[in-house]
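A.B. asks: Okay, here's the structure, questions in a sec.
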Amino acid sequence: MRRAILFGLVLGCLCPSVWADDKYTLREKVHDGQVIALELTNDGNFKTRTSESGQTSTRQQKVKQYLKATMTILAVKDGSATSARVQVDPGSYDIEKDDDAPIQKSACWYAGKTVVLTRADDESVKNDAKGAPPEARKVDLDNLNDLLSPDEDMYPDGPVTVGDSWEVSEKLARHSDLNPGDKLLAHVRLDWVKQIDGKQMAQLTCVCGIIRYQEQNVEEDDEYTSVMLVEIAAGQIVRADSTGTVKYLTPAGEAMQVSGGGDFSGHCAVLSTSPPSGATTQP
């Protein structure tokens, strides 16, 4: 649930920030049997230009994915889930629009299915779903597997005060589907800590840059900012929003030249979660 990000967050009864020199320890604390309901939305607008052998083509694409699911934690290591049973809501969907073609809306590849996710020691994630989505629907698999990305990736190794920043590049890279040679650099800042609806909450902002090397020697440069709301007692990211840009570059001299890019945004929120007592609370 690391990707929870929210802009223009409106919450009632915001108490004044605590003193900036107080120290806070952020640790993820999920437990076996915990049930977490969540939803996420991704939006993207992209335009690419491809030139090869004197021929040039352009493609403009708009995409959106909506995933709603309920996770039951099956195994935990160091406070983070390593296995979970995920029930994907039948209403989960994908939307795609290419150039001037009509909008295409289809059910998420996993809509209505129950899938068990397992994170191995090498940090790879596998699931027991029968069959794999086609390459065009791989994003559904990525969104599903990302549910096991630890919130811990965003947290500091020790106590911090409001205004402190720390690097999370190594931790985040393990769960960012990087290939050899790809590079990731990310920093997180503790913006504030407040009492919200009787809970101690913190806002974190992560700024991340990724360089990916694709086929045909195309370089993809991603930059994004994520703003996360963390319930400190549970060590859980409960809401968040991200916005970012992507650019495509090809070195001069390559037979095929790819350029362009676009922008994207993401939102994820925990709808409900069961505490150790088994009762359900709303964040």
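Only the coordinates and a few stated rules stand behind these numbers; no lab work does. Keep in mind that this is a model prediction, so the values were computed, not measured. Virtual Cβ from ideal backbone geometry, glycine too; neighbours counted across all protein chains shown.
A.B. asks: Express in whole angstrom the spacing between the alpha-carbon centres of segment 104-165 and segment 218-234.
C.D. replies: Comparing the Cα centres of segment 104-165 and segment 218-234, I get a distance of 14 Å.
A.B. asks: Using a Gaussian network for the chain with springs between C-alpha atoms less than 10 Å apart, which of these wobbles most: 235, 91, 181?
C.D. replies: 181
A.B. asks: Read phi for every residue in segment 131-143 and hand back ³J(HN,Hα) as whole Hz from Karplus 6.51 cos²θ - 1.76 cosθ + 1.60, θ = phi - 60°, with x for Gly and Pro.
C.D. replies: Calculated HN-Hα couplings, in order: x, 10, x, x, 3, 5, 10, 4, 4, 5, 5, 4, 4 Hz.
A.B. asks: Treating cross-link reach as a plain straight distance, find the lysines whose alpha-carbon is under 22 Å from the alpha-carbon of residue 77, omitting any fewer than eight places away in the same chain.
C.D. replies: Partners within reach: 29, 126, 171.
A.B. asks: Excluding same-chain residues fewer than 8 positions from residue 47, which lysines have a Cα within less than 18 Å of its Cα?
C.D. replies: Once the sequence-local lysines are set aside, what remains near residue 47 is 62, 64, 97, 247.
A.B. asks: With springs connecting C-alpha atoms under 10 Å apart, model the chain as a Gaussian network and identify which of 180, 134, 150 has the largest mean-square fluctuation.
C.D. replies: Top of the fluctuation ranking is 180.
A.B. asks: Using amide H atoms built 1.01 Å from N in the peptide plane, name the residues 5+ places from residue 74, or on other chains, whose amide H lies under 5 Å from its own.
C.D. replies: 33, 83, 84, 85
A.B. asks: Let me ask you something else. Which of the GluC sites (Glu not before Pro) across segment 173-282 are loop residues per DSSP, with 15 or fewer other Cβ within 10 Å? Write down the numbers at each step before the final one.
C.D. replies: Numbers: sites: 215, 219, 220, 223, 231, 254; in loops: 254.
Counting only loop positions with at most 15 other Cβ atoms within 10 Å, the GluC sites (Glu not before Pro) in segment 173-282 are 254.
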